[in-house]
Amino acid sequence: MIRFGIPRAFRLALRRRDRWEREVEDEIKLHLSLRAEQLAARGASPDEAYREAVRRFGPLEESRARLVDAATRREQHMRRTEYVSDLRHDIAFAFRTLGRQKGWTAITVATLALGIGATTAVFSVVSSLLIHATPYPDPDRVVIVEQQASKGNNTGIHVSILPPTPIVNAWRTQSHSFDALEPYAFGNGSLGTEPQVAKVITTSILPSFATFAQRNPILGRMFTTEETTGHAKVALLSESVWQSRFGGTHDAVGRTIVVNDSTYTVIGVMPGDLAVPSRGRVPTDIWLPLDTANHNVGMRAVARLRRGVTIAAAQRELDTIAVRANVYPAGQLPFVAEIERPAELVGFHDSLLLLMGTVALVLLVACANVAHLMLTRAATRTREFAVRAALGAGRMRIFRQLVVESLVLAFGGAAVGLGVGWLGLKAMVALRPAGLTELDAASLDTTTLLLTAAVAVVSGVAFGVAGAFQSSRRSTQDALKTGALSTSHSRRSDRVRSLLVVTEMALSATLIVGATLLVRSVRNMQHTDLGFEPRGLYAVDINLPAKRYSTPAANAAFVQALVSRIQTMPGVHSVALSAVSPGSRSFSVGAFEIEGEPSPSAAQGTSFTDGNGIDNSYFATMGIPLTEGTLFTDTTAAANQVIVNAGFAHKHWPQGTAVGHRVRVSYQGKGDWQTIVGVARDASTNGPGAESTAPLLYGPIGGSVGGGSIMIRAEPGTDLSTPVHAVVRSLDPLLTPPTVRSVETIVAASIAGPRFTMLLLSVFTMLALLLAAIGLYGVMAYSVIQRTREIGIRVALGAQRPAIARIVMLRGLALTLGGAALGLVGAYWATRLLSKLLYGVTTLDAASFSVGAAVLVVVAVAACLVPTRRALAVDPILAIRAD
């Protein structure tokens, strides 16, 4: 129909053009002849009269063109008016038609709304966090510059190396790959004085950072270069701190604040939407000037690539500059530049892409369901279309009406879907784990709205075209005959609807397998033996200001006093010191060597070895037993004693003992040998998933924790926050109140991300399964209606109820098993995307595939029950008489 309609439209347009030109030419000739007759009547000869008429008329070609353009514009205006009028009538007719079938319309709109709503909710997060990851100008060229070990790392996680200050300065002055490179440094600190001390995040930046981000202070001014190099005590407030601490008043500029026991003068307020790229989107409370001459500050850098420069080329240039900076020994480059896109800093980047793929499948299931509904409705309206065609309606007119109806449905589904997506997004943010703070920045943006509109238009046109083709396949004469659809037409339509149901079932089977794998993975994490008892264990994080606790003696004195006071608290059983709290990791950088074994080759590059500083009470407090050896007998640095984990010891000394052997971490050929005095049971203090055979070195802490923790074993449920804060306040009123965390909560948080992904994937899978079941139910119900006469004849000839039920159920199961087979084959490939999210289960887990097939069969049986009951209730006399 469309194939023949397009050439016809071109022919009509050309004919109109020729007609306008002929009409204009005839009108000009008539005007000239009449004027010539008037002049001839006054005594002029016919030739002179005609020439004078032409002269008075003016240039003929210009006049012809003007008149043709006027006719064209008039015709176009009339056509637009007619088109708008017809469109208005089509829309009104669509609403009337759909209003007469409220149930069908509600199901169609709801189906589209669920598919579009799920897509909108997840795409809002993708758009906010991945597509628009930074609010800076030219976001497609904004990158994060860090360093990584030259041969990668062996930790299983992303480890960022903060480049030394001399290298960052060299990059800024010598690199030609960037339009700008801005270093920055994060810091944890305190704001205010006792009793109003609050924890804050500080970010040190250069004055040029405001130009890079195109964000100027909303109040006051930016730092100057002199303030940066002159160590001036000036600060900028974030908008949130300005509102909460100063009430948003303009007199905040010029006032003084105390940050980390130092007094700063407030010179301005930065906008609340300004942030530097970071993992977890850390919000900045206080902005400080960055001293690029301070080599003790660990810097990160955000940069803007020059147009046409690739990331690989920029990394090569930065490495060349780093070699010339003479920070590392000649000819060596243990750390190489690593350039990432801001979107790669999102903590659940892979899970987000997985969820986006999942909702895309849900949307496909919804669209297949709606396509089935539209085809079924078009089949029931064949006689209506035939009557309209017999009364003079052309195919294009009917086609346009069907497209308008489907567009009305699609935009209705999109409008409701936006509401569903908004609620879904709010639910995702409300249910998010505490560690996924990035989700707070997700919102419905313009990109999401455009996507929703595009889905509505594409689906509306597609459904309308499908319905138009369905209705155009039969002649008007056949459609007007008494009876239902012809056998060939019925079979053809039935095959299309069956194919749609098989597709829905296949997509649902793939999702079920993926969701089952994640459920089993999370269950394995929850039941993993961690190697210690987290229940009743608490961690008190200590962060002592370097200004007042500048010496190890002052640090140790405060820590020992705090430990002594905590030990006397009611319900406390034991206390220990740890340089690293549960949920965190500390690495020694260098080559790990075992005495008596070959040293790692230079080609293996720099490695990372887990380590922790502890005292002798640590293992008893944590509930980690020693499997051999003893605790530290000498905690001095000269003794160099170390305790290792059992997995590492059994790997290297399976038949003997690790005690007495020596190990070391060598960086640039330097590193002291440490003697193993004990072996401790493997403990996953960061949650399940740690590699048990990787070396973990426990060394003596020496009484000073600095930025470490105090581990407390107490009665489960004991409230330690209030008494610990009171003790800290009594020892140092200016110290920021420490954080008291339950290790049980920390362990639960370590699997919160996979559990959240599992929850969302399960919800979307259930949604897809529900839509697929509705689609199967629709096909079976329509099939029963089509075969009513056949069923009546079978019953009249003596067919029993079980035989009739078997006919209906077997067809439904055949469609389901066909979809399940295709879905399981698709799952074989699709589950590879889950490999990084699985724990204790493989991507080809037989139980998960079996569950996927079983769930699909159960749902199919449930969807076929109602159509089967209708088939069993057919009265043979009425069925035969009705035809």
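The values are calculated or read from the model by the stated rules, or taken from the named source; none is laboratory data. Predicted model, so just to flag it, every value in this text is computed and none were measured. For neighbour counting, all protein chains shown are included, and Cβ atoms are generated from backbone atoms with ideal geometry for every residue, glycine included. When the accessible area is computed, the model is the full protein with side chains, heavy atoms only, and any ligands, DNA or RNA have been set aside. Shrake-Rupley method; radii C 1.70, N 1.55, O 1.52, S 1.80 Å.
Quick one: is ALA210 farther than 30 Å from PRO600 by Cα and at pLDDT 90 or above?
The answer is no for ALA210.
Looking only at the range 797-812, how many residues end up being of a type outside the set (Lys, Arg) and surrounded by 13 or more Cβ atoms within 10 Å (Cβ to Cβ)? Give the derivation first.
Here is the first cut: in the range 797-812, the residues of a type outside the set (Lys, Arg) are 797-800, 802-805, 807-810, 812.
If we keep only those that are surrounded by 13 or more Cβ atoms within 10 Å (Cβ to Cβ) as well, we get 799, 804-805, 807-809, 812.
Residues flagged as of a type outside the set (Lys, Arg) and surrounded by 13 or more Cβ atoms within 10 Å (Cβ to Cβ) within the range 797-812 amount to 7.
Taking VAL126 as meeting all but one of (1) under 30 Å from ALA768 (Cβ atoms); (2) not in a helix (DSSP H, G or I), write down the number of the exception.
Status for VAL126: all satisfied but (2).
Here are THR606, THR568: which of them is farther than 30 Å from ALA768 by Cβ and modelled with pLDDT under 85? Break it down into steps so the answer makes sense when it comes.
On the way: THR568 fails: modelled with pLDDT under 85.
On inspection, the qualifying residue turns out to be THR606.
Out of the residues in the range 162-218 meeting the condition of being of a type in the set (D, E, K, R) and assigned to a strand (DSSP E or B), tell me which one is most open to solvent (accessible area, probe 1.4 Å).
Residues of the range 162-218 of a type in the set (D, E, K, R): 172, 179, 182, 194, 199, 215.
Remaining after also requiring assigned to a strand (DSSP E or B): 179, 182, 199.
Values: ASP179: 78, GLU182: 9, LYS199: 108 Å².
It comes out as LYS199.
Restrict the check to the range 590-610 and report whether at least one residue is among the small types (Gly, Ala, Ser), under 20 Å from ARG713 (Cβ atoms) and over 39 Å from the mean Cα position of the chain (by Cα).
Checking the range 590-610: not a single residue is among the small types (Gly, Ala, Ser), under 20 Å from ARG713 (Cβ atoms) and over 39 Å from the mean Cα position of the chain (by Cα).
Kindly provide the set of residues from the range 7-63 that are of a type in the set (A, V, I, L, M, F, W, C), assigned to a helix (DSSP H, G or I), modelled with pLDDT of 65 or more and open to solvent by less than 50 Å² (accessible area, probe 1.4 Å), ordered by number.
Within the range 7-63, VAL24, ILE28, LEU32, ALA36, LEU39, ALA40, ALA49, ALA53, VAL54, LEU60 qualify.
Can you tell me how many residues within the range 759-772 are farther than 19 Å from MET505 by Cβ and crowded, with 23+ Cβ neighbours inside 10 Å?
Here the count works out to 1.
Given the structure, is ALA649 without any contact (Cβ under 8 Å) to a residue 40 or more places away in the chain, of a type in the set (Gly, Ala, Ser), open to solvent by less than 60 Å² (accessible area, probe 1.4 Å) and not in a loop (DSSP other than H, G, I, E, B)?
Yes; evaluated as a whole, the condition is true for this residue.
Can you work out which of the residues in the range 838-883 that are over 25 Å from LEU776 (Cα atoms) and at pLDDT below 80 is surrounded by the most Cβ atoms within 10 Å (Cβ to Cβ)?
PRO876
Looking only at the range 131-141, count every residue that is open to solvent by 30 Å² or more (accessible area, probe 1.4 Å) and within 16 Å of ASP440 (Cβ to Cβ) and tell me the total.
2
Only one of (1) under 22 Å from GLY230 (Cβ atoms); (2) outside any strand (DSSP E or B) fails for ILE267. Which number is that?
(2)
I'd like the full set of residues that are outside any loop (DSSP other than H, G, I, E, B) and polar (S, T, N, Q), limited to the range 626-646.
THR627, GLN641, ASN645
Would you be able to say whether some residue in the range 515-529 is closer than 29 Å to SER730 by Cβ, in a helix (DSSP H, G or I) and open to solvent by less than 30 Å² (accessible area, probe 1.4 Å)?
Within the range 515-529, none of the residues are closer than 29 Å to SER730 by Cβ, in a helix (DSSP H, G or I) and open to solvent by less than 30 Å² (accessible area, probe 1.4 Å).
Report, by residue number, each residue of the range 244-261 that is within 23 Å of LEU734 (Cβ to Cβ), modelled with pLDDT of 85 or more and of a type outside the set (Phe, Trp, Tyr).
SER244, ARG245, ALA252, ARG255, THR256, ILE257, VAL258, VAL259
Select, from LEU436, LEU431, LEU425, the only residue that is modelled with pLDDT of 85 or more and open to solvent by less than 50 Å² (accessible area, probe 1.4 Å).
LEU425
Would you confirm whether or not the range 661-668 contains a residue that is modelled with pLDDT under 90 and either touching a Cys at 6+ places or on another chain (Cβ under 8 Å) or closer than 22 Å to ASN555 by Cβ (or both)?
no
Inside the range 432-469, can you point out the residues that are in contact with a helix residue (DSSP H, G or I) (Cβ under 6 Å, 6 or more places away or on another chain), assigned to a helix (DSSP H, G or I), closer than 18 Å to PRO283 by Cβ and not charged (D, E, K, R)?
LEU439, ALA441
Quick check on my filter: what residues within the range 226-249 are more than 39 Å from the chain's Cα centre (by Cα) and part of a helix (DSSP H, G or I)?
Passing the criteria: GLU226, GLU227, THR229.
Only one of these conditions is not met by SER730: (1) open to solvent by 40 Å² or more (accessible area, probe 1.4 Å); (2) outside any helix (DSSP H, G or I). Which number is it?
Among (1) open to solvent by 40 Å² or more (accessible area, probe 1.4 Å); (2) outside any helix (DSSP H, G or I), the lone unmet condition for SER730 is (2).
Tell me the residue from THR284, THR249 that is farther than 24 Å from VAL145 by Cβ and among the β-branched types (Val, Ile, Thr), please. Outline the logic, then answer.
On the way: THR284 fails: farther than 24 Å from VAL145 by Cβ.
Step by step, each of THR284, THR249 is checked, and only THR249 is farther than 24 Å from VAL145 by Cβ and among the β-branched types (Val, Ile, Thr).
So which of ALA803, ALA860 ends up being among the small types (Gly, Ala, Ser), more than 22 Å from VAL501 (Cα to Cα), in a helix (DSSP H, G or I) and more than 28 Å from the chain's Cα centre (by Cα)?
Exactly one of ALA803, ALA860 is among the small types (Gly, Ala, Ser), more than 22 Å from VAL501 (Cα to Cα), in a helix (DSSP H, G or I) and more than 28 Å from the chain's Cα centre (by Cα), namely ALA803.
If GLY623 meets every condition in (1) touching an Asp or Glu at 6+ places or on another chain (Cβ under 6 Å); (2) open to solvent by less than 20 Å² (accessible area, probe 1.4 Å) apart from one, which number is that one?
If we test GLY623 against (1) touching an Asp or Glu at 6+ places or on another chain (Cβ under 6 Å); (2) open to solvent by less than 20 Å² (accessible area, probe 1.4 Å), just (2) comes out false.
Are any residues in the range 407-419 under 13 Å from LEU449 (Cα atoms) and open to solvent by 20 Å² or more (accessible area, probe 1.4 Å), and if so, which ones?
Of everything in the range 407-419, those that are under 13 Å from LEU449 (Cα atoms) and open to solvent by 20 Å² or more (accessible area, probe 1.4 Å) turn out to be PHE411, ALA415, VAL416, LEU418, GLY419.
Which is open to solvent by less than 10 Å² (accessible area, probe 1.4 Å), in a helix (DSSP H, G or I), touching a helix residue (DSSP H, G or I) at 6+ places or on another chain (Cβ under 7 Å) and not β-branched (Val, Ile, Thr), of LEU318, LEU364? Walk me through it before giving the result.
Numbers: LEU364 fails: open to solvent by less than 10 Å² (accessible area, probe 1.4 Å).
On inspection, the qualifying residue turns out to be LEU318.
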